[in-house]
């Protein structure tokens, strides 16, 4: 049974088991309909809250736990008052438990499901996608990235202990030239220990030569590593990809020939990224700068593009183009991608009408509900173009620069071979759990039961 069929069946069973539990209580009601109605309400509330408990994260999970506890207490009291036969009550509770378990299977991937997904992503190499030890592995290290992680974790010595050649990126060095030199010198697997911008440059060279790329999370945030399923805290463990790794193919995105592994941002966000305070305080920096950037004397941004319905737009305050679609809770680095091999660009555009809406956007950003902003549009496409009368400021994988228009974004499906340590989950958080989002868990179950893909 494939994972998709299993999850669909589990969604159906979750819904049917709840309906059956309700039907049992209704059928057993003999003497006291008022208490039975209370019991039915408590049962439904308890089960639905438990669905949220097993599929959500953060504050919603704690709220759901409190609701479940209160509903179960009131349910027990109302059942005792209704005088129902206990055999029916026990069956109803068993069905309710089965509904919650099935909901968990449908909405949250189990370890077996993640392993199946990793095998699927690995492609034709087989169930494990296992690769032989690199004959000549090379790791390029940026010693300044991530506050000096490469030095702090002794990556050079760890490489030598595994017969991996360490190459240090020094001030003034050209990273792409270092990667080209390593491959010309016989490297059959090349890795990068640094931030996402550095990963993109080395990935560009690796993809051009068809050489597997190893990601070592030695940057500050390491979003790319997160979405590959790597443990961002296990910097040394990532080296196992050279010696005992699995391989998969993923997409790369590019704009006007420049590759990026995460996303490119245009508009106000690109301007905010230029602030020296941004890296240490993203949300605070955005909150401080946005009202001034949207003042009454500001000129509308010249960013012209075609929306998802074919409408031509002459301006936008935010455009985010990502390598595959993000499950976006926050603009400032709070989203993850379920897949990196769907052959598409994730696209977001937002128009902000004045300082009041800017403050609303900042507020929604702070609570992880940015998709509720009224000027928000979100879609996906394999190609996207932004037109303008002059150079466009853009932040690519967190690095700010300017590009001449038109800006043509494209996806390169399966362009990069990545090697991961076998202990990696090979799945991002977006693939492991239902994210906090605008759609409900009930809607997710109904969508899965209908055989459609659930997108938050």
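The values are calculated or read from the model by the stated rules, or taken from the named source; none is laboratory data. Given the structure is predicted, the values throughout are model-derived calculations rather than measurements. Here the Cβ is made from the backbone with ideal geometry for all residues, glycine too, and neighbour counts use every protein chain on show.
Worth a mention:
- Number of the condition not met by residue 238 [criteria: (1) over 19 Å from residue 396 (Cβ atoms); (2) surrounded by fewer than 24 Cβ atoms within 10 Å (Cβ to Cβ); (3) assigned by TED's automatic domain parsing to the domain that holds residue 148]: (2)
- Residue within the range 188-211 that is within 17 Å of residue 242 (Cβ to Cβ), in a loop (DSSP other than H, G, I, E, B) and without any contact (Cβ under 8 Å) to a residue 60 or more places away in the chain present: yes
- Test for residue 253: is it in contact (Cβ under 8 Å) with a residue 24 or more places away in the chain, buried (at least 24 other Cβ atoms within 10 Å of the Cβ), out of contact with any helix residue (DSSP H, G or I) (no Cβ under 9 Å at 6 or more places or on another chain) and within 29 Å of residue 382 (Cβ to Cβ): yes
- Residue within the range 161-183 that is touching a helix residue (DSSP H, G or I) at 6+ places or on another chain (Cβ under 7 Å), surrounded by 15 or more Cβ atoms within 10 Å (Cβ to Cβ) and in a loop (DSSP other than H, G, I, E, B) present: yes
- One residue alone among 86, 77, 51 is at pLDDT below 80 and surrounded by 22 or more Cβ atoms within 10 Å (Cβ to Cβ), and that residue is 51.
- Taking the numbered list (1) under 23 Å from residue 338 (Cβ atoms); (2) crowded, with 23+ Cβ neighbours inside 10 Å; (3) out of contact with any helix residue (DSSP H, G or I) (no Cβ under 8 Å at 6 or more places or on another chain) in turn, residue 223 passes all entries but (3).
- When the residues of the range 63-100 are filtered to those that are under 30 Å from the mean Cα position of the chain (by Cα) and touching a residue at least 24 places away in the same chain (Cβ under 8 Å), the one that is nearest to residue 16 (Cα to Cα) is 99.
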